[in-house]
Number of protein chains: 2
Amino acid sequence: MKTFAVTVLGSGAAIPLLHRNPSAQLINIHEKLYLMDCAEGTQLQLRKNRVRFQRINHIFISHLHGDHYYGLFGLITTLHLLGRTNELYLFAHAKLKDIIDKQLEASNTVLRYPLKFVAIDPDKHEVILENEFVTVESFPLNHNFPVNGYLFREKRSKPNIKKDFLEQKSISHEDLQRIKNGEDYTDDQGEIYSNDEITVAAPPPRSYAYCSDTAYHEPLIPVVRDVDLLYHEATFMDDKAQDAADKYHSTARQAAMIASKANVKKLMIGHYSARYKTLMPMLEEAQEVFKETMLADDGKVILIPNS
Amino acid sequence: MKTFAVTVLGSGAAIPLLHRNPSAQLINIHEKLYLMDCAEGTQLQLRKNRVRFQRINHIFISHLHGDHYYGLFGLITTLHLLGRTNELYLFAHAKLKDIIDKQLEASNTVLRYPLKFVAIDPDKHEVILENEFVTVESFPLNHNFPVNGYLFREKRSKPNIKKDFLEQKSISHEDLQRIKNGEDYTDDQGEIYSNDEITVAAPPPRSYAYCSDTAYHEPLIPVVRDVDLLYHEATFMDDKAQDAADKYHSTARQAAMIASKANVKKLMIGHYSARYKTLMPMLEEAQEVFKETMLADDGKVILIPNS
């Protein structure tokens, strides 16, 4: 099975705690690493989780509140100091570029590697990255501020050719590719094997959606429908539903309602307000609505299996 | 004894390590807290050392390399989120103001407290702050970049009136102040007590100098002469003296030479390159030249006693 995994590097909200960093996650899709948000301290969280910094080639920032990006400057600088030469792609609101440029200029730093900045349009739902393994979409959330969610969809793999067929026949590389692309196969004797007969469909592609920070927002439902894993913020519980509404954040119950209505497989909640000292009540509140809910926690790794 | 203490919050150089944060120190003078540099993660270091953030009213940044200031944005934001209303003074190179303003603007943040920015002239040695307890001077260091050191001098306290004299006489508040200001005292019978006879001089004022980052720089010697504690960077050892020179950093031996020539009481070295896995050789190198050397280490508290 090819890897599709999410490592939580920070599960807290804006006030940093000793046991809970602000937002950051590492997404591993087929051993390519994507960093999602980068709060202060993310470098150390990467170290704690033994991630080699230079394997990260893409960073996505959901929005320009500090608890989602204040660790970016340190990481950009460390990659430079450690001798990086590979391109680094940074997806974020356009205003971030100016801030980074100002800081590099203030420290007389010319990065040794190309930092490719891709400005995200906060009002659009669109594909922002596509490669051999994945497409990444950005889409608007509903905060008191421009915020994007991101959706990672694994590419559908080509079918696998059945083992017993491979063992019987000596098939050229070109023919293998043709079969994988859906063609039938004709052997030396002219016998035709239908593609269905000699291949097994690859497992369905997996998907992950990241939604932080947002109020309860029903337009999200069609966007994240049927994903394997939905991360949805749950800054508050029902007891602070008014605070949640006022601050354009969600309660645990609201996150679960989105998960339920969107028919996702699993929900992970996080971005907990520092006021909540224990999180079991929060989990229980969400599970009342959507049973397949789990809590984000720093260092937690969620493997998304093939179904 | 009134407190004069330095708490090391970060003792490493630019590459952050799990056990050693980049530069930050907390200086406590008569229970007023001054933050010196503010690398990424300083908020958590303050938490680990159980410092109440809001007690800090003055922050000094030595220079605009990230390992000395990337934690500032998070701290400024946290103070805001925690409801600060008191003024916060920030002393730094003028370019920092623009960076902070850009970030606050990008997050639509209007701080609830006045952030009083004081631009430091990197070429001048001058007093930048004076209050009831302390004067603070900034002075140029010799890096490949504008960098300031800072020097904290405790104000000389007024003399103490001898206990037995206080017990014998009933002295008015006004007379007490006069005696503390150096006047003689005449009692109801007209007997004159000379000021020398009835007072004990307060202990000599204490001082602390912070010098990071800098090459070996003899013009520092008169600036830090006779201080009680000198912090001087020691990024390298003799084995990398050429690297130190090329990068405008110091070796442990060079830090000790400055300490010795300036006749300071104690030297603390820090800002160690991540290449050094054990620091005893570095300490030994410095102690060959200046015996009263100690190593900075995250969480270490140095009390400066009255002599």
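Those residues that are within 20 Å of the chain's Cα centre (by Cα) and assigned to a loop (DSSP other than H, G, I, E, B), I need them from region B:99-121; list them, please.
B:Ile120, B:Asp121
Is there a residue being in contact (Cβ under 8 Å) with a residue 24 or more places away in the chain and either closer than 21 Å to B:Leu72 by Cα or in a loop (DSSP other than H, G, I, E, B) (or both) anywhere in region B:163-174? Outline the logic, then answer.
Going residue by residue through region B:163-174, those that are in contact (Cβ under 8 Å) with a residue 24 or more places away in the chain are B:165.
With either closer than 21 Å to B:Leu72 by Cα or in a loop (DSSP other than H, G, I, E, B) (or both) added as a condition, the list becomes none.
So far as region B:163-174 goes, no, none of its residues is in contact (Cβ under 8 Å) with a residue 24 or more places away in the chain and either closer than 21 Å to B:Leu72 by Cα or in a loop (DSSP other than H, G, I, E, B) (or both).
Residue-wise test of (1) in contact with a helix residue (DSSP H, G or I) (Cβ under 9 Å, 6 or more places away or on another chain); (2) surrounded by 19 or more Cβ atoms within 10 Å (Cβ to Cβ); (3) in the same structural domain as A:Val127 (by TED's automatic domain parsing).
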{"site": "A:Ala13", "(1), (2), (3)": "yes, yes, yes"}
{"site": "A:Ser23", "(1), (2), (3)": "yes, yes, yes"}
{"site": "A:Leu35", "(1), (2), (3)": "yes, yes, yes"}
{"site": "A:Gln43", "(1), (2), (3)": "yes, yes, yes"}
{"site": "A:Arg52", "(1), (2), (3)": "yes, no, yes"}
{"site": "A:Phe60", "(1), (2), (3)": "no, yes, yes"}
{"site": "A:His68", "(1), (2), (3)": "no, yes, yes"}
{"site": "A:Thr85", "(1), (2), (3)": "no, no, yes"}
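For region A:177-235, name all the residues that are in contact (Cβ under 8 Å) with a residue 24 or more places away in the chain and of a type in the set (Val, Ile, Thr).
A:Ile198, A:Thr199, A:Val200, A:Thr214, A:Ile221, A:Val223, A:Val224, A:Val227, A:Thr235
Mind listing just one residue for me: the one in region B:39-93 that is among the small types (Gly, Ala, Ser) and closer than 29 Å to B:His249 by Cβ and, of those, farthest from the other protein chains (Cβ to nearest Cβ)?
Looking at the filtered set, the residue picked out is B:Ser62.
Quick one: is A:Lys277 touching a Ser or Thr at 6+ places or on another chain (Cβ under 8 Å), in the same structural domain as A:Arg206 (by TED's automatic domain parsing) and not hydrophobic (A, V, I, L, M, F, W, C)?
no
Would you please name the residue that is nearest to A:Ser207 (Cα to Cα), looking only at residues in region A:132-184 that are modelled with pLDDT of 90 or more and within 14 Å of another protein chain (Cβ to nearest Cβ)?
Top of the filtered list is A:Val147.
For residues that are within 8 Å of chain B (Cβ to nearest Cβ) and closer than 26 Å to A:Pro146 by Cα, tally how many sit in region A:94-114.
6
Kindly check whether there is at least one residue in region A:70-82 that is touching a residue at least 60 places away in the same chain (Cβ under 8 Å) and under 29 Å from B:Lys48 (Cα atoms).
Taking every residue of region A:70-82 in turn, none turns out to be touching a residue at least 60 places away in the same chain (Cβ under 8 Å) and under 29 Å from B:Lys48 (Cα atoms).
Identify all residues within region A:224-243 that are farther than 16 Å from A:Tyr272 by Cβ, out of contact with any Lys or Arg (no Cβ under 9 Å at 6 or more places or on another chain) and crowded, with 19+ Cβ neighbours inside 10 Å; write none if there are none.
A:Val224
Tally up the residues in region B:130-150 that are outside any loop (DSSP other than H, G, I, E, B), out of contact with any helix residue (DSSP H, G or I) (no Cβ under 7 Å at 6 or more places or on another chain) and aromatic (Phe, Trp, Tyr), please.
Of region B:130-150, the ones outside any loop (DSSP other than H, G, I, E, B) are B:130, B:134-140, B:148-150.
Subsequent filtering for residues that are out of contact with any helix residue (DSSP H, G or I) (no Cβ under 7 Å at 6 or more places or on another chain) retains B:130, B:134-138, B:140, B:148-150.
Retained after the next criterion (residues that are aromatic (Phe, Trp, Tyr)): B:150.
Adding up the residues that qualify gives 1.
Among the residues of region B:180-192, which ones are surrounded by fewer than 16 Cβ atoms within 10 Å (Cβ to Cβ) and either closer than 17 Å to B:Thr135 by Cβ or not aliphatic (A, V, I, L, M) (or both)?
B:Asn181, B:Gly182, B:Glu183, B:Asp184, B:Thr186, B:Asp187, B:Asp188, B:Gln189, B:Gly190, B:Glu191 - these are the residues of region B:180-192 that are surrounded by fewer than 16 Cβ atoms within 10 Å (Cβ to Cβ) and either closer than 17 Å to B:Thr135 by Cβ or not aliphatic (A, V, I, L, M) (or both).
The values are calculated or read from the model by the stated rules, or taken from the named source; none is laboratory data. The structure displayed is predicted, hence computed values, not measured ones. Note: ideal-geometry Cβ built from the backbone for every residue, glycine included; neighbour counts use all protein chains shown.
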